[in-house]
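Asker: Below you will find the structure I want to go over with you.
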Amino acid sequence: MSNIPFPRLQPTVETGPKQIQPDLNVRLICPDCKNSVPNIIEEFASGDLVCGDCGLVLGDRIIDTRSEWRTFANDDGDDPSRVGAAANPLLDGSQLDTVISKRDGGSGTARDLNKVHGRANAVKGEKNLLQAYQEITAMSDSIGLTRIIADIAKQLYKRVEEEKLLRGKSTESIIAACIFIACRQENVPRTFKEICVITRVPKKEIGRCFKTLIRTFETNVSTMTSEDLMSRFCSMLNLRMEIQKTAIVLTAKTKELGTLAGKSPVSVAAACIYMASCLYNQPQSTKDVAQVTGVSEVTIKNSYKLLYNEKRRLLEGMKHNVDNLPSP
């Protein structure tokens, strides 16, 4: 697989001259020890590269790549490293720009200079990327997604910008599709309705962008199932673990019998959770289940009616009292 995140399924053919890249397979080993796993030590104090086993000096005048600290009496408590912040792999360019400090004792001159300098040295397109990354981070935090998922969504968004793939589409719809794919790739599925709520993008628009990205880039997107949603929905409803396990068993038997064939995974999960809660005398109202799962009450009631008609076959071999189930 290519080192590029989200490579194209059908890579484009490069007609121009190939760029010469450094050979990363070259390793420095001690000519005396010749160990397959060399123990090379960088002594920055003396500027030498030394073999840790035999002490042979392999190089001199090496460059110290560590941060150059000058902490004498830091006034504002900022990072005193003079080599700048860590490079962001999600941005382009050398990222070694000089930044004028905003603090100058209260006169306000430094703040004005900082603004003017920032406008003069702004990298073309980087401002839009930074703004999109901030939106992805904010949306991911709002629905409790981890930083890994947010970074994957940012990588995918950057690939879309590099390929100029979704021209004419709004930034919000592209971000929504990237977050949706990142969730599916990390096995933390979110429904289309949940993504629509945080991004305020219509479901059809997200679906179009999603299909385009799937057809273009190589992703590890798996199909979302009802079982993937059970844990989160039951936790949001404060249901016990045995209710969640029963709901998962009901989902499996429903698929085996084809009781809810044609229903979406979210609808199947909602109906099975409602039925399992009734079996344990902890019934949840269809309104509460609908609010958590994003499925309408009518859909839950219609799906539950189908399950109720097949209750004998669904609960076969399970120690549950069928009389606890309310009539649809």
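The values are calculated or read from the model by the stated rules, or taken from the named source; none is laboratory data. None of these values were measured; they are calculated from a predicted model. FYI the Cβ positions are ideal-geometry reconstructions off the backbone, even for glycines, and counts take in every protein chain you see. The area values use the complete protein model at the heavy-atom level, side chains included, leaving out ligands, DNA and RNA. Shrake-Rupley method; radii C 1.70, N 1.55, O 1.52, S 1.80 Å.
Asker: Got a sec? What order do LYS311, LYS211 fall in by accessible area at 1.4 Å, biggest, i.e. largest, first?
Answerer: LYS211, LYS311
Asker: Packing-wise, with mean Cβ within 10 Å as the measure, how do 222-232, 245-255 rank, highest first?
Answerer: The packing order, highest mean first, is 245-255, 222-232.
Asker: Going through the cross-link list LYS154/LYS193; LYS102/LYS169; LYS204/LYS311, which pairs have a Cα-Cα distance over 31 Å in this structure?
Answerer: Those over the limit are LYS102/LYS169; LYS204/LYS311.
Asker: So, one more: Just to confirm a number: summing +1 for Lys and Arg and -1 for Asp and Glu over residues other than MET236 whose beta-carbon lies under 15 angstrom from that of MET236, what do you get?
Answerer: Result for the local shell: +2.
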